[in-house]
1. Using mean Cβ contacts within 10 Å as the protection proxy, how do 171-184, 235-248 order, highest first?
2. Name the long-range amide H neighbours of Leu259: under 5 Å, sequence gap of 5 or more, or other chain; modelled H, no Pro or chain starts.
3. Round to the nearest 0.05 the FRET efficiency obtained for Arg479 and Ile306 when R0 = 60 Å and r is the Cβ-Cβ distance.
4. At 0.36 nm per residue, and after removing the present C-alpha to C-alpha distance, how many nm does the segment from Glu506 to Thr451 gain when stretched out fully?
5. Can you list the residues, at least 5 places off or on another chain, whose amide H is less than 5 Å from the amide H of Val358, using H built in the peptide plane?
6. Given a Förster distance of 35 angstrom, what is the FRET efficiency for Gln157 paired with Thr355, based on the Cβ-Cβ distance and rounded to 0.05?
7. In terms of solvent-accessible area of protein heavy atoms at a 1.4 angstrom probe, what is the ranking of Trp146, Trp416, highest value first?
8. Got a number for the accessible area of Met152? Probe 1.4 Å, square angstrom, nearest 10.
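The values are calculated or read from the model by the stated rules, or taken from the named source; none is laboratory data. Just so you know, these numbers come straight off a predicted model, no measurement behind them. FYI the Cβ positions are ideal-geometry reconstructions off the backbone, even for glycines, and counts take in every protein chain you see. Surface accessibility is based on the protein's heavy atoms, side chains included, excluding ligands, DNA and RNA. Shrake-Rupley method; radii C 1.70, N 1.55, O 1.52, S 1.80 Å.
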Amino acid sequence: MSNTHLEPVSPLHACSDEKELVGNFILKSRSPEPFPLRPFASPSPALFPALPSPPPPASPLRRQRHMTTMAPPAPAAELPSKADAQQQQQQADDDDDLEEEEDEILAEEDDDEIDEEEEDDEDDLEDDLEDDDDEGDVQPADVRPWTSLKSMPVATQTALVGTLKRLQAQKRTELTALIVGKNGVGKSSVVNTIFGDRIVNTPVSTIEPDATRQYSRVASDFTLSIINSPGLLQGDGVSDRAMTEISKCANGKPIDVVLYVERLDTYRTDDNDRAVLCALNETFGPSVWARTLCVLTHGAASSLPISDGSEGAANGNGSAAADGAAYARYVSSKVAQVEACLRKATGNASASFATSAVVECSARCRKNANNEGVLPDGTAFLPRIVDLMADVALKGKGPMVHAHGARRRGKKGKLWQKLLIPFICYGQYWLFKLYSKHLFEADSCKGDRYTLFSSTDQEKKSSERDDKEARERVSARAREDDERARRALEAKSSDSASAPSANAMEALAAKKKKALEESANNASTSSPPASTPAPEQPAATSTTLASAPVATSPPTAAAK
């Protein structure tokens, strides 16, 4: 039996005998070889030359025009005449013009289609934004019987039922809690822990926040409702979309308690915490903190910086249980840290939470003898947090009813207070220039941020500072002198410019006077002597009278 081997060849686009190949491989019988899996050589280009790529398909209009206008080929024996050649050339030119026109029409149609698509996209985006503003994507409430209550430990069931009966004794048939906080602090896990069932998905990443939704469970004719909200952070600031969703979902609903969730294993607060607290204060008002329960998650984390060891027993994770007193001190310090951040965010020195609670949402937490989840100090956290929620609800005069859109802002400043701002800034400027600047310079001569200077260096720095101040005073005095000299030069130049004008006026007046005298003399010379009075002689000085002889004119005929 002969062995067959597969040898790859390049695909054939066309053959002379018009046979089609089924695949890219052919079967070829060969004699057996010691290495049948050797690589095969590529086929020779001479046997399979590269075929030219087919031209692109023509447009329907262009194909139809070519079918209708294409002339049949001329016979080989007959040569076209000159007129036929001109006609063919004219036809070719017309075809080119038609092709260009078709290209322009197609390009314009494409542009119009693109513009229409962009307009449609913009309209869709506006419609989506309007729908978000109008409806807010508020999910319907999930109301079900609290069936998971029966699967809890007996001690937990007894404590929870007792809390519900205590609320019913105060004529309460429903308790509604709003849970808020940053991203990734465990809000959904707290909801699942309270209800004892996985009713909210807890994604690992909260890049896209979940929708705000209310979950209600009914047990013993009492309804416990929790409004779960998405994380309030987006990037480096507060998410306006999340705040709007929370405000719309809580619109018109009576809220008995607010659960502000924070992690216990975080060791500091930052600007994001202050921004979140400030946004909540602006949305729900300053009175919301009197009915807010601070919930600290990850209460049994192994990374908590508390003393462990010799006093306690080992917990379920295998590490030593923390001392109860040290754990309580650490929890108190964390609550004080969050409340200090709250005071900075709200600007109210007396702002604080109603109370605080610690939970551990992990299923691997330590259990007590009753199979209840407990904290490192031995406290069963689930009955305690529900009991604290009931205390906060009963402590208030009534539930808080939130109205969407009615954000509470700070009080507007009065007009006279705003008018004081320029004067305060002006006073700060002169205070720095006259006092603070010299104080800072004198302090810089004593040392830097690392160490104090020696006495020699301090004297050197002081002398350099004094020299600098002296040079500044000299330069300031020189500038003042230059300014005074410039003003004096300007005044002198203005005076010298005005003096020639006065002299010109006097010269003009003298010229007019001389012209009048000459005209008078000319008039007296041209008139007859009898009627012409003798011209007045100017008064001569004493020197002229003494030196010049007196001349007498002979009497005229009229005088005789």
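1. Ranked from most to least packed, the peptides come out as 171-184, 235-248.
2. Leu178, Ile179, Val180, Leu293
3. Values: r = 68 Å, r/R0 = 1.13.
With R0 = 60 Å, the Cβ-Cβ based efficiency is 0.35.
4. 11.7 nm
5. So Val358 has HN proximity to Leu296.
6. 0.90
7. Trp416, Trp146
8. My reading of the accessible area for Met152 is about 20 Å².
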